[in-house]
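Engineer: The structure follows.
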Amino acid sequence: MRAQKTNYQNAIGTILIVNDLFSGVGVLAHHCFALMKISGKETDNKGMRWIVLAALLMTPPAWSKTVKLSTDDGYAPYTGQKLSRGGMVTEIVQEVVSGMGHSMDLTWLPWRRGFEKARQAQFDGLFPYLKTNDREKEFLFSEPLYEVRNTVFAAKGESGFYSSLESLHGKTYCLPLGWVPATPELAEMVQKKHVKVFEVLNTATCAKMVNSGRADFFVTDDAQGEAALRETGLVEKVSLIPHLLPKTQLYFIVSRSHPNGVELVKKFNQSLSDLKKSGTYEKIVLRHLRSEGAATGEFPRNSKKNPVKKSYSAL
């Protein structure tokens with residue numbers, strides 16, 4: 001009886017040690033079943049077998065082969081359930097995750113809900129997000145997924161509406177829920193209450209608010225804004241102002257509370273780099289740009305001078 005008890009103790013102790021040393025279930029299984037031979041004699045003890053089985057069931061891999069991610073719908077041409085392959089950035093992330101040797105389980109949620117769930121590590125990551133100081137306190141950021149240059153959208157014919165950030169003082173700024181202001185300078189204006197903020201569901205709703213006069217302007221990159229105008233049928237009513245704001249980048253982010261967040265971002269960055277080197281990244285971007293360009297056609301500008309060029313930029 002004493003020998004049998006010692007065998008149990010040895011088995012449990014060794015399982016715990018192996019569990020700490022090896023992250024993979026397969027490696028742990030190999031070492032656990034080695035315990036079935038003690039002192040050179042194979043044991044048929046059912047209790048021992050149950051101990052080994054329990055250890056295997058309770059030991060997860062370092063992190064799942066399926067990466068659970070979330071993004072929002074209606075952010076054309078970057079993300080959207082109705083877009084080809086879920087949008088440009090969705091396809092890029094899909095290819096990056098595949099290059100890491102994982103599959104992607106994608107949940108479509110509003111920005112704010114997805115952000116809160118990811119903050120608690122209920123998702124492995126989110127995309128595409130702008131970088132801010134506050135977000136960096138809680139999230140790890142990948143290398144940039146894509147670079148955009150934002151512009152101001154206002155009612156058509158408002159040629160003198162925007163010439164600089166200072167010209168926006170006192171205006172009503174329409175901002176989709178879960179978004180942050182497009183640039184640090186604009187964020188500072190919001191913080192100091194130099195502009196009024198009117199929060200709505202998405203950019204399509206912002207276009208409607210600007211058209212109705214309930215908001216004076218909204219800010220996004222030209223491709224996303226023009227997609228919103230097509231969706232709402234306001235191409236002839238609302239247009240972009242040809243004075244571009246500074247460039248910003250879109251990122252893949254992982255909560256700092258994620259147990260494997262650092263490793264996940266490191267592998268993501270390596271796979272993203274490989275995707276670019278292979279030429280696949282550029283092909284994805286160009287394919288979506290051609291599709292977007294075909295759908296866009298000519299858009300009205302608020303000034304015939306200094307026409308705005310497409311601001312897409314593959315990093």
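No lab work stands behind these numbers, since they all come straight from the coordinates. Everything numeric in this text was worked out from a predicted model, so none of it was measured. Neighbour counts run over all protein chains shown; Cβ positions are idealised from the backbone, glycine included.
Engineer: Out of curiosity, is residue 135 under 14 Å from the mean Cα position of the chain (by Cα) and of a type outside the set (Phe, Trp, Tyr)?
Structural biologist: Working: under 14 Å from the mean Cα position of the chain (by Cα): yes; of a type outside the set (Phe, Trp, Tyr): yes.
Yes.
Engineer: Further question on the same structure: All but one of (1) of a type outside the set (Ser, Thr, Tyr); (2) surrounded by fewer than 14 Cβ atoms within 10 Å (Cβ to Cβ); (3) in a helix (DSSP H, G or I) hold for residue 190; which doesn't?
Structural biologist: Result: residue 190 passes all but (2).
Engineer: Moving to a separate point now. Taking the options 136, 166, name whichever one is free of Cβ contacts under 8 Å to residues at least 60 places away in the same chain, under 30 Å from residue 213 (Cα atoms) and in a helix (DSSP H, G or I). Even if it seems obvious, please write down each step before you answer.
Structural biologist: On the way: 136 fails: under 30 Å from residue 213 (Cα atoms).
Result: 166 is the single residue among 136, 166 that is free of Cβ contacts under 8 Å to residues at least 60 places away in the same chain, under 30 Å from residue 213 (Cα atoms) and in a helix (DSSP H, G or I).
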